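Take a look at the structure below.
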Amino acid sequence: MFNNRIKIKELLQQEPAGQEVTVMGWVRTFRNNQFVALNDGSTNQHLQVVLALGQFPESLLSRITTSASLRVTGKVVASLGKGQKIDLQAVTVDILGDSDAEKYPLQPKKHSLEFLREKAHLRFRTNTFAAVFRVRHALSFAVHQFFHQKGFLYLHTPIITASDAEGAGEMFRVTSLQLDGTAPRTEDGQINFKEDFFGRSTHLTVSGQLEGELGATAFGEIYTFGPTFRAENSNTARHLAEFWMIEPEMAFYDLEDNMNLAEEFIGYIIRYAMEHCADDLQFLDQRLADEEKQLPQDKRSELGLLEKLRFVTENKFERLTYTEAIDILRESNYNKKKKFQYEITGWGMDLQSEHERYLVEKHFKKPVILYNYPAAIKAFYMRQNDDGKTVAAMDILAPGIGEIVGGSQREERLENLQQKMAAMGIGEEELWWYLDTRRFGTVPHAGFGLGFERMVQFVTGMSNIRDVIAFPRTPGSAEF
Ligand code: 4AD
Ligand code: MG
């Protein structure tokens, strides 16, 4: 057996009593030919390994370089140094893997996030990314725990699909046809997808919602948590071409039930991370504070990261209708002084992220749930309100992020849904299975989608979404 190690996180909880342990990890720094800062990814804290002078040959010492991997067996003793309780007094040191210090891309100094994005295969070995990805892990776990405890069923919806759930047409095609001009054609010269792998035209899913509704109308409450894909050409700090979404879908819920669940869910997973990742969040809080010191006063956040998280879990979200939001925006000084890039043209306009951020960051200074949007700017499946103009949609907007959740009560009335689909040019033959849920025992139901990376951004304070997913896919970029 090779692996008899103790993880550094666990070791650092122990009292130093001369006990013998074995640790394995990667060298962060090596000072004075004596002190190794060893990290094994279990915690942001490094273990100080002490190599007594004269006890180890130069041929070994010269191989202890940044990012070399080591196995060390030694005695746990009280540290004489500052900042740590224990040291590991090395007895045997094995080099598991050498690392050429000249060629290793990450120097033991601060690198920019942009630089590290190009070294995404190694960036987990930095303190910032290690903290972000441990928090991401905790948040994923909390998602499952939250829904599992509530009795929701985890439904795996397909990644390859023939329907465009959002009707926005921003999909990546999936095909096994050749792109060299030899693909079979129909009589009128179009590519004949009947001859394609699935016998029809298929894409990567933009959302598991429609299949989620099939689950909810049998199990009552389900959730999905999987990758979704959007071919929107948005090069922003909040958009990915491949992102993870959590989509709960609940029978016997109206819009208000939906908002209540979303708010409870967000509070729960944030609290979970605060409880289980206290060290990492402390580190990220400090990182953000340092970063913001470089900014002009008016660009800095009013609250630190931990203060913000605490604030969000302790205060109710502000709820208001789209119509009320338009009134606030129209009357705002920002609008009157023409500070918005996109003018507030009036009721019916789609809100831009600058408008959403104004409401959240300047006006209410807390997360906001906007609901009852104009039907014309929302998807076909949202339930029509009695006013004939709006649908029972809701978006949750978070400070620093903008839209983090999109959801709605669904149109459960067959005729209304059919009319809406016809008006939007969505063929019934394509979604016959979806319409069947409205034909056989239809029920009021609702659901929402939380963009997981945006949530991770919110909790870690990372300003670019590319820094909270391991290997980001964005326009022009699919390295690693
Ligand atoms: O608002 P969206 O498009 O809603 C849906 O897909 C619904 N089917 C959800 C539902 O009701 N079940 O997307 C939901 C969330 C957004 O609020 C945002 O947080 C995130 O997904 N999102 C993205 N995140 C990263 N990159 C992108 N390109 C994203 N597009 C949406
Ligand atoms: Mg949306």
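Where a number appears in this text, it was derived from the coordinates with a stated rule and is not lab data. Note that the structure is a prediction, hence the values are computed from the model and not measured. Don't worry about glycine lacking a Cβ; one is built from the backbone with ideal geometry, like all the others, and counts go over all protein chains shown.
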The chain: angle of helix 322-331 to the longest principal axis, Cα-based, in degrees nearest 10: 80
Cα-based shape type of region 93-151, given that a ≥ b ≥ c are square roots of the gyration tensor eigenvalues and the cut on a/c is 1.5: prolate
Could you give the length gained on full extension between residue 34 and residue 55, defined as 0.36 nm per residue of separation minus the Cα-Cα distance, in nm? 6.5 nm
Testing the spin-label approximation: label points 7 Å from Cα along Cα→Cβ at residue 338 and residue 15. State their distance in nm. 7.3
For region 180-250, fraction of C-alpha pairs farther apart than 19 Å, in %: 58
Relative to the chain, whose Cα atoms define the longest principal axis, helix 414-423 and its Cα axis are tilted in degrees, nearest 10, by 90
Return P(r) of region 294-424 (all Cα-Cα pairs; 10 Å bins starting at 0; whole %; ordered from short to long distances). 12, 38, 30, 16, 5, 1
Distances longer than 16 Å among the Cα atoms of region 295-354: what percent of all pairs is that? 62
Here the averaged projected area of the chain, based on the convex hull of its alpha-carbon atoms and given in nm², is 29.4
How large is log10 I(q)/I(0) at q = 0.12, 0.14, 0.19, 0.21 Å⁻¹ when the Debye formula is applied to the Cα atoms of region 1-65, each weighted equally and without solvent? -0.33, -0.45, -0.81, -0.96
Net +/- balance of residues flanking residue 467 in space, Cβ distance below 10 Å, scoring K and R +1, D and E -1: +1
Using all Cα-Cα distances in region 208-343, what percent lands in each 5 angstrom bin from 0 up to the longest? 2, 7, 10, 11, 15, 20, 18, 10, 5, 2, 0
Residues with amide H under 5 Å from that of residue 242, placed H, sequence gap 5 or more: 230, 473
On the formula 1/(1 + (r/R0)^6), with r taken between the Cβ atoms of residue 470 and residue 149 and R0 of 25 Å, the FRET efficiency rounded to 0.05 is 0.35
Counting only the backbone N, which residues of region 359-376 are under 11 Å from the spot 7 Å out from the Cα of residue 387 toward its beta-carbon? 371-375
How about region 196-249: which chymotrypsin sites (Phe, Trp or Tyr not before Pro) there lie in a loop by DSSP and see at most 14 other Cβ atoms within 10 Å? 197, 198
Dipole size in debye (nearest 20) for the chain around its Cα centre, Lys and Arg Cβ +1, Asp and Glu Cβ -1? 1860
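Tell me which chymotrypsin sites (Phe, Trp or Tyr not before Pro) from region 353-442 have a DSSP coil assignment and no more than 12 other beta carbons within 10 Å of their own.
Taking region 353-442 and a limit of 12 other Cβ atoms within 10 Å, the loop chymotrypsin sites (Phe, Trp or Tyr not before Pro) found are 440.
So which of 110/365; 308/338; 337/362; 82/103; 365/389; 337/389 end up more than 21 Å apart, counting from Cα to Cα?
110/365; 308/338; 82/103; 365/389; 337/389
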